[in-house]
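Structure, as structure tokens:
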Amino acid sequence: MTTVLAFLLTLAVLIVVHEYGHYRVAVACGVKVLRFSVGFGRVIWRRQRGETEFVISALPLGGYVKMLDEREDDVDPADRDRAFNRRPLWQRSAIVAAGPAANLLLAVLLYAATNWVGIEEPKALLGSPTAGSAAERAGLAAGDWVRATVDESGEETPLQSMTELRWQLTDAALRGEGLRLRVTDGDGRGGRTVRLALEGVGARDVDADLMRRIGIGAPFSEPVLGKLVDGGPAHQAGLREGDRVLTVDGVRIADAGSLRQAIRGAVRDGAALTMDWQVQRGGERLDLDVTPALSVDRGQSVGRIEAYVGQPPAMVTVRHGPIDGLVRGARHTWDVAALSLRMLGKMLVGEASLKNLSGPLTIADYAGQSAQLGLAYYLGFLALVSVSLGVLNLLPLPMLDGGHLMYHLFEAVTGRPVSEVWLDRLQRGGLAIMLMMMSLALYNDVARLLGLH
């Protein structure tokens, strides 16, 4: 129920804001607005306010603002000056652009609100880097604290959380550029600068696998055991909740991530291997033999000890003042919009996977998850979708606001509007492209739910 309500609220807010942008600028330009609709299809609620009918329709996946226009219907001579097609070109362009602009402005305010409210995020303490990854080659290790990014001039941009670090890594990977980081130990001592070589990381999919290829996985977690399953392998081996694992088969365990890898990898020829663990329990050290149970993960046999491995990561509260929060909200909106366009461009030329295209099922899932985490998380999710909607609508495709702006650009250059014949052809082509994109996004949604992606 939370997922459904959060998804419907997300749609309602984004659609109303987008269409209100069109409506507000149209009214300001003297255009007569006949209908403001949230949704498509059969009208389930209506109210007349002045000369505009406000309605809610049955299919909530969009909306529209219907304006007086001689190209669509007969217009009373007394109202011709208020028809959309009679307005100057700059006004028509402003009305069209106002919808995406409203979504981008909403994103700025929502990101600013998350900055003002504050959000609990994992500290940028690194777990063990993936073997052979860019992070391992750069010399990063478990427990390192990433404090800032460093540009070519040596200027530093502080990083407050693991989320900010992952954002910078994703952006650099998509650009195919290296990233310099200032790193200290977990207590803030021993500062050094390292360079992650991300040029050949292959950022076709922006997902958890990308972070693993870079070598940045889960945040640092102490190699301490949590709750054990009664009768499970950990319990049978004599392990207890609170035990700190020091070594496995003589190899030092730096963090919970490396311990989990050792457990999963304790399999040979389909049989579990007994491991020699040294653990610290209170003031004493114990040597225990641990034989994991076998499990199958994605068709591969892995070991499990049926105990929670690791402790919750260190958290920090990321909060900013009124002006700084607003500035950061605007900057982050710009960065997300630029990243979205870059990803779309890479998908178009085949440099990024089409699996990155998401549809309503994924949005609904994330809406529910973010709502359960708290207000700040949901506001951040809403801002992200608002940026995506604004960027999508500015694409130069017929059926979208960006396509209409291209028509207006053609008119500005040639001095004449696009002919009715070409308008019809372009609309048909744009509809076909949009249907293909929607079908692909829905397929990706279903594939994710089924574990195929």
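The values are calculated or read from the model by the stated rules, or taken from the named source; none is laboratory data. This one's a predicted model, so the numbers in the text were calculated from it and none came from an experiment. When we count neighbours, we look across all protein chains shown, and the Cβ atoms used for this are built from the backbone with ideal geometry, even at glycine.
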Picking from Leu375, Leu392, Leu405, Leu382, which residue would you name as being assigned by TED's automatic domain parsing to the domain that holds Thr333, surrounded by 17 or more Cβ atoms within 10 Å (Cβ to Cβ), under 20 Å from Ala6 (Cβ atoms) and touching a Ser or Thr at 6+ places or on another chain (Cβ under 9 Å)?
Leu382
Of the residues in the stretch 24-81, those that are touching a Lys or Arg at 6+ places or on another chain (Cβ under 7 Å) and either on the phi > 0 side of the Ramachandran plot or of a type in the set (Lys, Arg) (or both) number 5
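Hey, among Glu121, Glu136, Glu156, which residue is within 30 Å of Gly186 (Cα to Cα), in contact with a Ser or Thr (Cβ under 8 Å, 6 or more places away or on another chain), buried (at least 17 other Cβ atoms within 10 Å of the Cβ) and not small (Gly, Ala, Ser)?
Criteria check complete, one pass: Glu121.
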Run Glu70 past the list (1) exposed (fewer than 14 other Cβ atoms within 10 Å of the Cβ); (2) outside any helix (DSSP H, G or I); (3) modelled with pLDDT of 90 or more and report the number of the one that doesn't hold.
(3)
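Residues Gly132, Gly99: which one is of a type outside the set (Phe, Trp, Tyr) and without any contact (Cβ under 8 Å) to a residue 24 or more places away in the chain? Full working, then the answer.
Details: Gly99 fails: without any contact (Cβ under 8 Å) to a residue 24 or more places away in the chain.
After ruling out the rest, the residue left standing is Gly132.
Name the single residue, out of those in the stretch 294-310 being surrounded by 16 or more Cβ atoms within 10 Å (Cβ to Cβ) and at negative phi, that is modelled with the lowest pLDDT. Break it down into steps so the answer makes sense when it comes.
First pass over the stretch 294-310, keeping only residues surrounded by 16 or more Cβ atoms within 10 Å (Cβ to Cβ): 302-307, 309-310.
Narrowing further to those that are at negative phi: 302-305, 307, 309.
Working: Val302: 89, Gly303: 92, Arg304: 93, Ile305: 95, Ala307: 94, Val309: 93.
So, considering only residues that are surrounded by 16 or more Cβ atoms within 10 Å (Cβ to Cβ) and at negative phi, the one modelled with the lowest pLDDT is Val302.
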